[in-house]
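The values are calculated or read from the model by the stated rules, or taken from the named source; none is laboratory data. Note that this is a predicted model, so its numbers are computed, not measured. Positions of Cβ are generated from backbone atoms using ideal geometry, with glycine treated the same way; all protein chains shown enter the neighbour counts.
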Amino acid sequence: MKNYIWVLFLVLVSCSKSLDNNDIATLNGYWEIEKVKLPNGESKEYKINESVDFFQISDSLKGFRKKLVPQYDGKFLTNEVQEKISISVKENITFINYTTDFATWSEEIIKLNNDELTLKNEQGITYFYKRKQEYNE
C-alpha cells in the first residue's frame, strides 16, 4: 500500500500544469532579476540592477518585452528596442517565445505569480525575477 501512495505522489508532483490566460496576464509589468543559476549549479545574485524587464502580453498571448533603465526620478530610459513575444504550450509546459530581427529563442516559465517569475532558457540557465513596483510618471 505504501508503494502505491508513493507512486501516486510522484505522478501528481511530476505532472506540470500549463498556465491559463489569467496566469499569463500576471506577466504584464516590470520585473527585476534577483538571481541567475547556471546549469553547473553556480549562482549569481543581483543586489543592484541597471535594467528592468517590462512585459506586455495581450489576450491573444502576443506582446513584447523591453529593457528599461530606472532613473532617480522614478522614470525609465529606453531605446525603443523591443522583443516580440508570444506564449505557447507544448506538452503541458508554457513557454515565452522571443523574436527579434536577429534571433528567435524560447524560455520555459517555471514559476509565475504576482511577486515571482522564474524562467529557464534553452541553455539551462534559470533566471529568478521579482516584481518591480511601477513608478508614477
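Selection of first residues in region 56-83 that are within 19 Å of LEU117 (Cα to Cα) and of second residues that are of a type in the set (Asp, Glu) and buried (at least 17 other Cβ atoms within 10 Å of the Cβ), restricted to Cβ pairs under 6 Å at least 6 apart or on distinct chains, gives the following pairs, ordered by first then second residue: ARG65/ASP53; ARG65/GLU83.
Being assigned to a strand (DSSP E or B), exposed (fewer than 14 other Cβ atoms within 10 Å of the Cβ), within 17 Å of the chain's Cα centre (by Cα) and modelled with pLDDT of 95 or more: is that true of SER88 here? For SER88, the condition - assigned to a strand (DSSP E or B), exposed (fewer than 14 other Cβ atoms within 10 Å of the Cβ), within 17 Å of the chain's Cα centre (by Cα) and modelled with pLDDT of 95 or more - is met.
Scoring THR94 on the criteria (1) farther than 25 Å from GLU42 by Cβ; (2) in contact with a Ser or Thr (Cβ under 7 Å, 6 or more places away or on another chain); (3) loosely packed, with under 13 Cβ neighbours inside 10 Å leaves a single failure, condition (3).
When each of ILE125, ILE87 is tested for being within 18 Å of ILE57 (Cβ to Cβ) and among the β-branched types (Val, Ile, Thr), the lone residue that passes is ILE87. Part of a strand (DSSP E or B) and exposed (fewer than 13 other Cβ atoms within 10 Å of the Cβ) - does that describe any residue in region 58-75? Taking every residue of region 58-75 in turn, none turns out to be part of a strand (DSSP E or B) and exposed (fewer than 13 other Cβ atoms within 10 Å of the Cβ).
Here is a yes/no grid of residues against (1) touching a Lys or Arg at 6+ places or on another chain (Cβ under 9 Å); (2) farther than 25 Å from PHE76 by Cβ:
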site	(1), (2)
PHE95	no, yes
TRP105	no, no
ILE109	yes, no
THR118	yes, no
LYS130	no, no
GLN133	no, no
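Here ASN40 passes the criteria (1) over 18 Å from ILE96 (Cα atoms); (2) modelled with pLDDT under 95; (3) of a type outside the set (A, V, I, L, M, F, W, C) except the one numbered (2).
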